[in-house]
Amino acid sequence: MPIPDSQLQTWSNPGATHGSQNTYTSIKNALRSSFHMSGRPYDIYLQGSYANSTNIRADSDVDIVAELTSPEFHNPNPSRRYDSSAENTWRDFRNRVVRALQAQYGAHLVVSKNRCVRVNGSGGRLPADVVVCLRYRHSSRSYPSYATTSELGITFLDLDKKTWIYNFPKLHRDNGSAKNEYSRTRNNYKPTIRMFKNARNRLIDRGIISESTAPSYFVECLLYNVPDDKYLGGFGNRYIEILSSLVDSLSHNQGQTLICQNEQSSLFGPESTQWNVGDAAKLLSGLLDLWKNY
């Protein structure tokens with residue numbers, strides 16, 4: 001039988017935010033009060049599902065950005081491993097963040113990982129991944145007008161691969177909020193993301209896909225590409241209309257026109273921050289089967 005509307009509606013509800021806000025406030029205060037951070041201009045903010053209001057009950061980890069705001073790096077730098085200026089600046093800032101967090105929570109709870117600094121949860125505080133990064137400005141020219149556009153993002157070093165990662169968390173957040181507006185999707189965009197994230201979790205629980213097949217960021221970016229009018233119906237209608245739209249996109253052009261929610265890069269490709277069509281096909285196939293055989 002199809003998934004009942006009552007279940008889809010339950011899946012669309014937001015998870016609790018009290019714990020995430022307390023965790024964010026705790027880490028922000030730990031950095032703000034530390035002498036290790038003195039004299040360093042930086043911004044700290046939430047990213048991910050809690051920042052974008054797409055969190056569900058199963059979400060626990062809190063994603064936080066610690067961004068050094070000056071100096072500001074421009075493309076194409078820091079795009080090469082030999083850019084010692086960017087690397088030295090980033091490593092110094094990252095070391096300061098690590099020392100500040102260790103002083104507050106203890107070295108045993110602060111773990112330096114490949115792309116983030118992990119602060120393990122304790123005493124009611126949720127686990128958090130702190131992305132330590134530099135401010136990055138991406139400039140480009142459009143054809144045929146050759147008008148120059150400029151967008152602010154972040155960049156940080158992948159410690160294993162020794163390559164720079166670029167992302168645009170604030171653009172991702174702003175574009176998602178714009179798509180959720182009543183004039184576009186009747187405020188249905190974010191609840192629909194939560195609905196599909198819970199449906200994906202049901203597939204994981206049944207062993208149909210693995211956790212790595214469709215992370216939350218990937219699910220959110222996939223749904224961002226669906227036309228706004230597909231979000232206007234009821235829960236069941238929305239579920240089928242959105243899946244049909246995405247299946248059509250994959251079958252006609254292998255997803256070549258699909259973009260990330262930040263609108264700065266293609267969703268599919270060979271880069272470490274991109275995804276593959278095969279995983280998208282597995283997810284969509286599983287979601288369609290879930291609808292038919294709930």
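The values are calculated or read from the model by the stated rules, or taken from the named source; none is laboratory data. Remember, predicted model here, so these are calculated numbers, not experimental data. FYI the Cβ positions are ideal-geometry reconstructions off the backbone, even for glycines, and counts take in every protein chain you see. Just so you know, the surface numbers come from the protein's heavy atoms only, side chains and all, with ligands and any DNA or RNA stripped out. Shrake-Rupley method; radii C 1.70, N 1.55, O 1.52, S 1.80 Å.
Could you tally the net charge around ASP92, taking each other residue with its Cβ under 12 Å from the Cβ of ASP92, Lys/Arg +1 and Asp/Glu -1? Could the numbers behind the result be given before it?
Numbers: positive: ARG40, ARG91, ARG94, ARG96, ARG99; negative: GLU87.
Combined, the nearby Lys, Arg, Asp and Glu give +4.
Residue by residue through the stretch 97-112, what is 3J(HN,Hα) from phi via Karplus (6.51 cos²θ - 1.76 cosθ + 1.60, θ = phi - 60°)? Round to whole Hz and write x for glycine and proline.
5, 4, 5, 5, 5, 5, 5, 7, 10, x, 4, 5, 9, 10, 10, 7
Work out which GluC sites (Glu not before Pro) in the chain are exposed loop sites (DSSP not H, G, I, E or B, at most 16 other Cβ within 10 Å) and give the longest gap free of them.
Result for the longest clean stretch: 1-180.
Is the stretch 25-75 best put as rounded, prolate or oblate by its Cα gyration tensor, with a ≥ b ≥ c the root eigenvalues, rounded for a/c under 1.5, and otherwise prolate when a/b is larger than b/c, oblate when not? Numbers along the way, then the final one.
Numbers: a/c = 4.11, a/b = 1.56, b/c = 2.64.
The shape class here is oblate.
How long is the gain from VAL111 to ASP174 if the chain were fully straight, where each residue apart is worth 0.36 nm and the alpha carbon distance is subtracted?
On the way: separation 63, 0.36 × 63 = 22.68 nm, distance 3.05 nm.
Result: 19.6 nm gained on full extension.
Could you state the accessible area per residue of the chain in Å², with a 1.4 Å probe and every protein chain left in place?
Values: 13950 Å² over 294 residues.
Accessible area per residue: 47 Å².
With the Cα gyration tensor of the stretch 185-282 giving a ≥ b ≥ c as the square roots of its eigenvalues, does the rule (a/c under 1.5 for rounded; else a/b larger than b/c for prolate; else oblate) give rounded, prolate or oblate?
Working: a/c = 1.58, a/b = 1.14, b/c = 1.38.
Oblate.
Heavy atoms only, probe 1.4 Å: what % of the accessible area of the stretch 171-244 goes to carbon and sulfur, would you let me know? It would help to have the intermediate numbers written out before the result.
Values: 1280 of 2900 Å².
Ligands and nucleic acids excluded, carbon and sulfur give 44 percent.
Cut-off 10 angstrom, C-alpha nodes, Gaussian network model of the chain. Which of GLY233, GLY39, GLY106 fluctuates the most?
GLY39
Could you check the spin-label model distance between LYS28 and ASP289? Points 7 Å from the Cα along Cα→Cβ, value in nm.
So the label points at LYS28 and ASP289 sit 4.4 nm apart.
Okay, helix-only estimate at 222 nm for the chain: each DSSP H run of n ≥ 4 adds -39500 (n - 2.57), divide by all residues, round to 500 deg cm²/dmol; what do you get?
Values: 10 runs with 126 residues, N = 294.
Mean residue ellipticity, 222 nm, calculated: -13500 deg cm²/dmol.
Say we join alpha carbon atoms closer than 10 Å with springs in a Gaussian network model of the chain; which of ARG40, ARG194, ARG115 then has the biggest fluctuation?
Maximum fluctuation in the GNM of the chain, among the listed residues, is at ARG40.
Calculated FRET efficiency, ARG91 and LEU152, Cβ-Cβ r, R0 25 Å, to nearest 0.05? Write out the running numbers ahead of the final one.
Values: r = 22 Å, r/R0 = 0.87.
Efficiency, from the Cβ-Cβ distance: 0.70.
Putting +1 on Lys and Arg Cβ atoms and -1 on Asp and Glu Cβ atoms, find which of SER265, TYR182, CYS116 reaches farthest to the positive end of the dipole of the chain.
CYS116
Got a number for carbon plus sulfur as a percent of the stretch 252-294's accessible area, 1.4 Å probe?
Numbers: 1070 of 2280 Å².
Taking all protein chains in place, the stretch 252-294 shows 47 percent carbon and sulfur surface.
Tell me which lysines have Cα within less than 23 Å of LYS162's Cα, excluding those fewer than 8 residues away on the same chain?
Filter leaves LYS113.
So I have (i) 16.9; (ii) 18.7; (iii) 15.4, and one of them is mean projected area of the Cα convex hull in nm² calculated from this model. Which one is it?
(i)
Counting DSSP beta bridges with both partners in the chain, what percentage is antiparallel, nearest 5? Spell out each step's value before the answer.
Working: 27 of 37 bridges.
Expressed as a percentage, antiparallel bridges in the chain total about 75.
Given R₀ = 30 Å, FRET efficiency for THR273-SER6 by Cβ-Cβ distance, to 0.05?
Working: r = 37 Å, r/R0 = 1.24.
For THR273 and SER6, the calculated efficiency is 0.20.
Heavy atoms only, 1.4 Å probe, whole protein assembly: order THR192, THR69 by accessible area, highest first.
Most to least solvent-accessible, the answer reads THR69, THR192.
So how do ASP229, ASP158, ASP279 rank on accessible area, 1.4 Å probe, biggest first, that is with the largest at the start?
Values: ASP229 95, ASP158 0, ASP279 30 Å².
Output order, biggest surface exposure first: ASP229, ASP279, ASP158.
Any chance you could run the full-extension gain for GLN21 through SER266? It's 0.36 nm times the residue separation minus the Cα-Cα distance, nm to one decimal.
Working: separation 245, 0.36 × 245 = 88.20 nm, distance 3.14 nm.
That works out to 85.1 nm of additional length.
Determine the sum of side-chain charges near LEU232: Lys and Arg each +1, Asp and Glu each -1, restricted to other residues whose C-beta is under 14 angstrom from that of LEU232. If you can, show how the numbers build up before the last one.
On the way: positive: LYS179, ARG184, ARG186, LYS230, ARG238; negative: GLU181, ASP228, ASP229, GLU241.
Net of charged neighbours comes to +1.
Can you list the lysines whose alpha carbon is less than 16 Å from that of LYS282, not counting same-chain residues fewer than 8 positions off?
Within the straight-line limit of under 16 Å, LYS282 reaches these lysines: LYS197, LYS292.
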